[in-house]
1. Taking interchain pairs and intrachain pairs at least six residues apart, which have beta carbon atoms under 8 angstrom, with the first residue in segment 29-50 and over 25 Å from Cys203 (Cα atoms) and the second aromatic (Phe, Trp, Tyr) and part of a loop (DSSP other than H, G, I, E, B)?
2. Out of everything in segment 219-233 that is among the polar types (S, T, N, Q) and surrounded by fewer than 19 Cβ atoms within 10 Å (Cβ to Cβ), what residue ends up being nearest to Asn306 (Cα to Cα)?
3. Over 19 Å from Leu109 (Cα atoms), among the acidic types (Asp, Glu) and buried (at least 18 other Cβ atoms within 10 Å of the Cβ): which single residue out of Asp182, Asp160, Asp167 fits that description?
4. Being open to solvent by less than 80 Å² (accessible area, probe 1.4 Å) and in a helix (DSSP H, G or I): is that true of Leu372 here?
5. Looking only at residues in segment 236-267 that are at pLDDT 90 or above and part of a helix (DSSP H, G or I), which one is farthest from Val307 (Cα to Cα)?
6. Restricted to segment 294-305, and to residues that are without any contact (Cβ under 8 Å) to a residue 60 or more places away in the chain and surrounded by fewer than 19 Cβ atoms within 10 Å (Cβ to Cβ), which residue is farthest from Ser184 (Cα to Cα)?
7. Out of all the residues in segment 35-63, which are modelled with pLDDT of 90 or more, of a type outside the set (A, V, I, L, M) and within 20 Å of Asp160 (Cβ to Cβ)?
8. Any idea which of Ser337, Ser347 is surrounded by 13 or more Cβ atoms within 10 Å (Cβ to Cβ), among the small types (Gly, Ala, Ser) and at pLDDT below 95?
Amino acid sequence: MQSVSPTSNEKYNELLNQVVRLRLFRNTNRELGEYIGYNLQSNNSIKNISPFTARCIFHELGRETQLQLEDEFDLEFILESYKVASKFYDKYFKGKKKIHQKENLVILLKYYYINDYQIPEEKLFLKEIVSEIFKKSIHVPILLLLILDIIPLYTSKKGDAKNLLGDFNTIFSFIKEFIQHDESLYYLPILSRFEKEARSIYCNRLYLIYVTLMSFETYRGFKNPTDLYAMMNKARENVIVFDLDNYFWVAPKTLSVPAVFWRFVCTETNDYLLFQYSISTEKKSICYTRYEVTFMKDERDGVILNVDHPEKIFNLLGKDKMLNFKLQLFACDIDTSPYPNVIKLQSLMNNDFNFPQQEFVRLQDKEITKQLSDCFEDGTYKIINNFPDTEYLFQNTVPAAITREYIYFKKENNMYYQVPKTLNNGLPSITINDLIGILDFNKCRYIVFDPLHLYIEVTNDECCAKNGVEIVTEIVI
């Protein structure tokens, strides 16, 4: 049997000591002591724990951190990153007010996270710092929290974390302002999820690190086409399909007389169109709102439902802004899979988009189902869209060809749209298996590359020329 060296054993006492001293898992020694069953308020309390027990406690805290946050959030790695980032802060940032200025921090973060970002001439002194960040593999989210004085240095003995929600609000406000001043993004939906989550879970310094890390990694994804492509494809791998089509869904208390009812229609991309119908027998009308929804596996919440408001199309094709009030996320409580009869929703985001339903029940009464079906089929009811300006037609189209330099789409009369891959850094990654195609909306036409959130207007020759698309008669191999 191989013996374990004392140094290896004592390692976990030191790691556990750092978790305690930095108040990473709990905000006070008393709270953590009560949690693990040790008095941590006395001198040398960690040293008095046996190496084996310290290792067990440390691994269990790490496991619980991964359960609460994410599988890849490794506690030992975070501690080592914290240590290295603290030394880096001491050398490059401590006492240097110029680098602490928000304007300089914003430029530093953009240069680090955006692949083709150009630092302004007057800010070139930041280039060397970012170069050292890359060279030394500095954990930038931890470094930012140190710069903003939200977490203490690795060697600090400041004691208890006294206002974690206040600390959360500080980093949340910084990230929110950082995003809002961006040229192409207005808001990251993940921020609303964190804002609501911070009040429902145990908010500690590990959570602050996690929030900062995930926010900026999401920002990186949206700002770099190749990262966005990978991020969107990874998300598609988590899409779930349930048996929801060809049924009516209602609220639990309206099973007998449903004036409002719902229908799911599965698309070829395994998303759903979710129609909310309001029926008026007096006016002989059915008004509807069409939402686009997707069910996805989620590490922490099991199954989540992403709901896009009908007006989100304006944001995608107009301002090109990720407006948070145009989408909503829900944790789903589903009774049976893949054939659910009840779907309960719990909101995961704080925003102004109030989705009107919190629970769906499959309508199983055959007589009522027939009555509702007849309303659509007998032609006596007028069907009215509550958001007529949001109607669009999307054709999921396989490109006519993908060559080394171009992606071709069939136009009419033996003509082709020739899209140069140089238009977007993510286009070289596009394959025939991706969600791409032609979208017609508001008398305009767009070529859509969904994994890149890229919409290229090709309504007429002028639009094509302006956006770098050429109309050709043959495909150049």
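1. Pairs that qualify, where the first residue is over 25 Å from Cys203 (Cα atoms) and the partner is aromatic (Phe, Trp, Tyr) and part of a loop (DSSP other than H, G, I, E, B), are Ile49/Tyr38.
2. Looking at the filtered set, the residue picked out is Asn233.
3. Answer to the selection: Asp167.
4. So Leu372 passes the test.
5. Within segment 236-267, the match that is farthest from Val307 (Cα to Cα) is Glu237.
6. Filtering first and then ranking leaves Gly302.
7. Answer for segment 35-63, where residues must be modelled with pLDDT of 90 or more, of a type outside the set (A, V, I, L, M) and within 20 Å of Asp160 (Cβ to Cβ): just Tyr35.
8. From the options Ser337, Ser347, the qualifying one is Ser347.
The values are calculated or read from the model by the stated rules, or taken from the named source; none is laboratory data. Computed from a predicted structure; not experimentally measured. All Cβ positions, even for glycine, are placed from backbone atoms using ideal geometry, and neighbour counts span all protein chains on display. Ligands, DNA and RNA are excluded from the accessible area calculation, which covers all protein heavy atoms including side chains. Shrake-Rupley method; radii C 1.70, N 1.55, O 1.52, S 1.80 Å.
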